[in-house]
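*Asks:* Sharing a structure here in structure tokens format.
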Amino acid sequence: MVRRVAVIGAGASGLASIKCCLDEGLEPTCFERSDDIGGLWCFTDTVDCGRTSVYRSVITNTSKEMSCFSDFPCPEDFPNYLPHHQLLEYFRMYAQRFDLLRHIRFKTTVCSVRKRPDFSTSGQWDVVTETEAGQESHIFDAVMVCTGHYQEPLLPLASFPGIETCFKGRHLHSREYRDAEGFQGKRVLVVGIGNSGGDISVELSRVAAKVFLSARSSTWVFSRISDHGFPFDMVVTTRFKHFLDWLLPSAIMERIRFWKFNSWFNHTNYGLASVKSSKFNIIINEELPFCLLSGTVVLKPTVKEFTESSAVFEDGTTENIDVVLFATGYAFSFPFLEDSVRSLFKHSCSLYKCIFPPQLEKPTLAFIGLVQLTGSVMVGAEMQARWVTGIFAGSNKLPPVSRMMADISKKEKQLVKRNPAEVNMWMSFISYTDEIASCAGIKPSVLRLLLTDPRLGLAVFFGPCSPYQYRLVGRGRWSGARSAILTQWQRALKPLRTRVIDDSSDSS
């Protein structure tokens with residue numbers, strides 16, 4: 001019987017996990033190594049080698065209505081896309097509303113998490129933590145690891161000959177980047193064209209002498225602003241469009257997506273992507289196309305090697321470089337876990353539903369937020385926490401190990417088939433959240449809603465698949481979910497109504 005739960009990390013996933021534990025009558029204790037909540041979103045001016053935080057100018061890629069906690073909408077006057085300080089303010093409001101802070105031990109590092117000698121029967125864990133006062137040992141019935149993806153920076157210097165032996169300039173990982181201070185007048189090469197690489201290139205282009213952006217694969221760029229100026233994810237992340245994805249052949253849907261991307265600007269003309277490329281990624285950036293058009297950012301192919309003061313690219317061109325910034329991503333690591341547990345999985349897809357190591361004798365270890373979705377990871381993490389705490393409390397159960405292993409094998413094969421070069425861990429937002437919601441018994445039935453509450457059913461099917469939908473039925477049902485769904489567009493428009501134009505036409 002699970003009662004006491006250790007929650008590691010007080011970021012978005014950790015806060016959701018604490019709250020879900022309380023909802024299920026469990027006793028959570030959260031350990032946070034820093035002195036504040038927010039995790040990645042708690043910006044710091046200095047780089048702390050022990051944690052990763054966003055850079056100063058970061059704004060969310062998902063809108064407030066599509067990334068809030070499912071029973072706590074963002075304030076209506078908050079902008080649709082939140083700067084990091086406002087997202088952190090929202091976290092503080094959430095923590096205060098549900099009285100979460102009293103369950104968090106700040107400035108406490110988790111040193112080790114090990115199975116107790118009687119784990120096969122008790123499922124309990126020995127947890128050792130450290131504070132300024134020294135180390136302390138605890139016994140917990142279950143552990144929720146909420147440290148996320150962004151832990152260890154990937155810095156593949158071995159793949160760039162000359163960067164350590166010849167190049168005389170400075171090189172750093174995007175984790176060390178705070179703002180554009182110190183890059184004035186420099187010739188900067190940004191390696192990697194993910195969301196961070198695109199954002200940093202645009203920001204540096206305002207102060208640097210020249211910015212070069214090295215891209216390895218095809219990259220499609222889209223804007224947070226969709227048709228009629230609405231948030232992109234509110235327009236495209238709908239159950240209706242998800243149904244079309246399922247109904248129509250994948251080749252047709254891919255052509256439609258490419259056509260939609262190219263309707264903004266022709267990606268081939270910009271050297272970004274081709275419809276013929278089978279390997280591609282997608283980033284969100286409104287300003288990068290203009291920077292390329294104006295020449296303040298110059299797109300380059302993969303770096304072949306570095307000399308003392310320049311980079312040589314695969315197309316034979318050479319550019320003088322002062323600073324190299326690697327936006328090459330992160331790897332997750334859990335140094336506090338014992339080797340016998342860490343060896344059970346290589347990546348999140350080795351976990352059942354990206355949460356549970358299936359080979360454990362007892363399902364009392366869960367990873368929350370260790371998933372990459374096409375929508376908000378915050379929403380996915382809260383969904384995971386609701387299901388996991390239900391399992392801990394006994395209201396939900398896991399299938400036999402054989403079925404879990406078969407499910408993992410099936411998912412890995414699907415992902416490898418989609419991208420043979422690597423296991424692509426990005427998953428469909430609606431597919432994944434619906435899958436976890438089904439396991440937890442909280443997935444809404446659109447057909448039943450259409451029959452019993454047609455207005456709500458139409459909003460659920462054709463409107464944004466916002467997190468409130470998962471509070472309509474089952475455990476954790478929230479009485480305000482229906483109203484939140486029916487008023488989500490008003491909350492999206494509210495922060496724009498700072499200057500109202502008299503227009504008799506219907507603008508809704």
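The values are calculated or read from the model by the stated rules, or taken from the named source; none is laboratory data. Please read these numbers as outputs of a predicted model, since none were measured by experiment. Neighbour counts are summed over all protein chains in view; Cβ atoms, including those assigned to glycine, are modelled from backbone coordinates with ideal geometry. Surface accessibility is based on the protein's heavy atoms, side chains included, excluding ligands, DNA and RNA. Shrake-Rupley method; radii C 1.70, N 1.55, O 1.52, S 1.80 Å.
*Asks:* Could you work out how much longer the chain between Glu286 and Phe332 gets when fully extended? Use 0.36 nm per residue separation minus the Cα distance between them, nm to one decimal.
*Replies:* 13.7 nm
*Asks:* Which chymotrypsin sites (Phe, Trp or Tyr not before Pro) from the stretch 193-275 combine a DSSP loop assignment with at most 15 other Cβ atoms within 10 Å?
*Replies:* Passing both the DSSP loop test and the Cβ count: Phe265, Tyr270.
*Asks:* Determine which residues of the stretch 3-37 fall in the zone a paramagnetic label at Glu89 would reach in this model, i.e. backbone nitrogen under 18 Å from the point 7 Å along Cα→Cβ.
*Replies:* 37
*Asks:* Can I ask one more? Measuring from label point to label point, each 7 Å out along Cα→Cβ, what is the Ser274 to Ser343 span in nm?
*Replies:* For the pair Ser274/Ser343, the computed spacing is 4.5 nm.
*Asks:* Could you sort out which of Lys19/Lys115; Lys300/Lys413; Lys107/Lys353; Lys276/Lys413 sit more than 29 Å apart by Cα distance in this structure?
*Replies:* Check vs 29 Å cut-off fails for Lys300/Lys413; Lys107/Lys353.
*Asks:* Still on this model: Just want the answer: with Cβ charges of +1 for Lys and Arg and -1 for Asp and Glu, which residue in Ser218, Ser205, Pro156 is farthest toward the dipole's positive end in the stretch 155-329?
*Replies:* Working it through, the farthest residue towards the positive pole turns out to be Ser218.
*Asks:* State, to one decimal in nm, how far the label point of Ser350 lies from the label point of Asp118, with both points 7 Å from Cα in the Cβ direction.
*Replies:* According to this spin-label approximation, the distance is 3.1 nm.
*Asks:* Expressed as a rounded percentage, what relative contact order does the stretch 70-211 have, with Cα pairs under 8 Å and six or more residues apart? Working shown, then result.
*Replies:* On the way: 108 pairs, mean separation 16.0, N = 142.
Relative contact order here is 11 percent.
*Asks:* Using a 1.4 Å probe, what is the accessible area per residue for the stretch 155-329, in Å²? Please report the intermediate quantities before stating the final value.
*Replies:* Working: 8600 Å² over 175 residues.
Here the per-residue accessible area is 49 Å².
*Asks:* List the GluC sites (Glu not before Pro) in the stretch 62-116 that DSSP assigns to loop (not H, G, I, E or B) and whose Cβ has at most 16 other Cβ atoms within 10 Å. Which are they?
*Replies:* Glu76
*Asks:* Okay, moving on. For the charge dipole of the chain, defined by +1 on Lys and Arg C-beta atoms and -1 on Asp and Glu C-beta atoms about the Cα centroid, which residue among Ser445, Cys30, Gly14 has the Cα displaced farthest towards the positive pole?
*Replies:* Farthest towards the positive pole: Ser445.
*Asks:* Counting only C-alpha contacts under 8 Å and six or more residues apart, can you give the relative contact order of the chain as a whole percent?
*Replies:* Here the relative contact order equals 20 percent.
*Asks:* Residues in the stretch 428-447 near a label at Lys397, defined as backbone nitrogen under 18 Å from the 7 Å Cα→Cβ point?
*Replies:* 438-442
*Asks:* Could you tell me how far the Cα centroid of the stretch 391-409 sits from the Cα centroid of the stretch 294-310, in Å?
*Replies:* Computed from Cα coordinates, the inter-centre distance equals 49 Å.
*Asks:* Next question, about the same structure. Using just the helices of the chain, give the 222 nm mean residue ellipticity in deg cm²/dmol: DSSP H runs with n ≥ 4 each add -39,500 (n - 2.57), and the total is spread over all residues, rounded to 500.
*Replies:* Values: 17 runs with 159 residues, N = 508.
It comes out at -9000 deg cm²/dmol, rounded to the nearest 500.
*Asks:* If you roll a 1.4 Å probe over the chain with all protein chains in place, what percent of the accessible area is carbon or sulfur?
*Replies:* 52
*Asks:* Next question, about the same structure. If R₀ is 35 angstrom, what is the calculated FRET efficiency for the pair Asp315 and Ile252, using the beta carbon separation as r and rounding to 0.05?
*Replies:* According to the calculation, E is roughly 0.55.
*Asks:* Once R0 is set to 22 Å, what does the formula 1/(1 + (r/R0)^6) return for the Cβ-Cβ distance between Lys413 and Ser217, expressed as a FRET efficiency to the nearest 0.05?
*Replies:* Here the calculated transfer efficiency is 0.50.
*Asks:* Return the distance in nm (one decimal) between the two label points of a simple spin-label model at Asp245 and Ser263, each offset 7 Å from Cα along Cα→Cβ.
*Replies:* 1.8
*Asks:* Here's something else I'd like to know. So if a site counts as exposed when it's one of the trypsin sites (Lys or Arg not before Pro), its DSSP state isn't H, G, I, E or B, and it has at most 11 other Cβ atoms within 10 Å, what's the longest stretch of the chain without one?
*Replies:* 1-167
*Asks:* Which label belongs to the value computed from this structure, given these candidates for Kirkwood radius over Cα pairs in Å: [x] 27.8; [y] 24.4; [z] 23.5?
*Replies:* Structure-derived value, by its label: [y].
*Asks:* Give me the percent of DSSP beta bridges within the chain that run antiparallel, rounded to the nearest 5.
*Replies:* Bridges in the chain that DSSP calls antiparallel: roughly 40 percent.
*Asks:* What does the charge dipole of the stretch 155-329 about its Cα centre add up to, to the nearest 20 debye, if the Cβ of each Lys and Arg holds +1 and the Cβ of each Asp and Glu holds -1?
*Replies:* Numbers: 19 positive and 18 negative charges, 72 e Å.
In debye, rounded to 20, the stretch 155-329 gives about 340.
*Asks:* Can you give me the C-alpha center-to-center distance between the stretch 68-143 and the stretch 1-66, rounded to a whole angstrom?
*Replies:* 6
*Asks:* Just how large is the dipole of the chain about the Cα centre, in debye to the nearest 20, putting +1 at every Lys and Arg Cβ and -1 at every Asp and Glu Cβ?
*Replies:* Here the size comes out at about 1280 debye.
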